[in-house]
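Only one structure is covered here, and it is reproduced in the block below.
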Amino acid sequence: MTETVPSMEILGVRINSISGEDAVVRLEQMALSGRPHHVVTVNPEFIMMAQENKEFRTVLSRSDLALPDGVGVLWAARILGSPLRERVAGVDTVTALARVAARKEIRIFLLGAAPGVAERVALRLERENPGLVIAGAYAGSPDPREEDEICRRIEAARPHVLLVAYGPPRQDLWIARTADRLRIPVAIGVGGTFDFIAGVVLRAPVWMQKAGLEWLYRLMQEPRRWRRMMSLPRFAAAVLKDKISGAHGR
């Protein structure tokens, strides 16, 4: 795994230009390497959070692979003159990785989401991928007071891949904070991916995904997310300002 994945920056946040297929190949290589890697799934919300949260920005910059998860990220990359290959959605990545894991005896631990959701995801992934080993499924919490208990569970399970669904920035700060202790070959913050796989939240129809309207479909299902969605126009404005000022690429 010596080949460097091309990357570019949006508002100071590095993002790799990679296809979904190549991303899964690289994740497989990481999982079997025995060395720890932190993978992040970057969308506009991540980028805007990183503008104000220096710790989160540092964690993103130090990640081993930054996947472009969001049509807004692809739009921004085009505007800034450095197009990315394609969107690499968290749901698609996890389901594809599960298929590979079943063949390669790669053990996966599911951490996060609401109580019971990780267990539902485990059942579905194991049902759809005979031979897949879900080494553990636990909601837990990013609260530091629960950290020791969660780490003990993960250490006992000995997974190759740890999927953490606490949402940004908590999931990736948690991964970074526990990395030296756990030394998981692949740790990925997956946001709301568990909710989609478990059927708690329905994914947008394919035509809406292709049209870049997946955010609207989710907002229709969860109107309380409107405050979080406000980061999208702020992101667009910041990218256009960066383009006009010529600051990008300096």
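The values are calculated or read from the model by the stated rules, or taken from the named source; none is laboratory data. Here the structure is a predicted model, which means the values were calculated and not measured. So basically every Cβ, Gly included, is an ideal-geometry build from the backbone, and we count neighbours across all protein chains shown.
For this structure, a couple of remarks:
- Residues that are touching a residue at least 60 places away in the same chain (Cβ under 8 Å), over 25 Å from Arg177 (Cα atoms) and either in a helix (DSSP H, G or I) or not β-branched (Val, Ile, Thr) (or both) are absent from segment 51-66 altogether.
- Failed item in (1) free of Cβ contacts under 8 Å to residues at least 24 places away in the same chain; (2) farther than 26 Å from Ile134 by Cβ, with Glu119 passing the rest: (2)
- Output for segment 87-116, where each listed residue is free of Cβ contacts under 8 Å to residues at least 40 places away in the same chain, within 19 Å of the chain's Cα centre (by Cα) and surrounded by fewer than 20 Cβ atoms within 10 Å (Cβ to Cβ): Arg99
- Matching entry among Ala113, Ala77, Ala89 (being among the small types (Gly, Ala, Ser), at pLDDT below 95 and within 30 Å of Ala236 (Cβ to Cβ)): Ala89
- Residue match in segment 103-111 (condition: charged (D, E, K, R) and part of a strand (DSSP E or B)): yes
- Any hit, segment 37-44, residues being part of a helix (DSSP H, G or I), under 16 Å from the mean Cα position of the chain (by Cα) and closer than 22 Å to Ala238 by Cα: yes
- The set of residues in segment 186-203 that are of a type in the set (Val, Ile, Thr) and either in contact with a Phe, Trp or Tyr (Cβ under 6 Å, 6 or more places away or on another chain) or modelled with pLDDT of 90 or more (or both) comprises Val186, Ile188, Val190, Thr193, Ile197.
- Among residues of segment 122-172, those that are of a type in the set (Ser, Thr, Tyr) and under 25 Å from Val24 (Cα atoms), counted: 2
- Pairs, first farther than 15 Å from Arg177 by Cα and in contact (Cβ under 8 Å) with a residue 24 or more places away in the chain in segment 153-165, second among the charged types (D, E, K, R) and surrounded by fewer than 23 Cβ atoms within 10 Å (Cβ to Cβ), C-beta under 6 Å, six or more apart: Pro159/Arg107; His160/Arg107
- Test: residue in segment 3-19 that is free of Cβ contacts under 8 Å to residues at least 24 places away in the same chain, over 21 Å from Gly167 (Cβ atoms) and charged (D, E, K, R): yes
- In segment 121-142, the residues that are farther than 27 Å from Arg177 by Cβ, touching a strand residue (DSSP E or B) at 6+ places or on another chain (Cβ under 9 Å), surrounded by fewer than 19 Cβ atoms within 10 Å (Cβ to Cβ) and not acidic (Asp, Glu): Leu123
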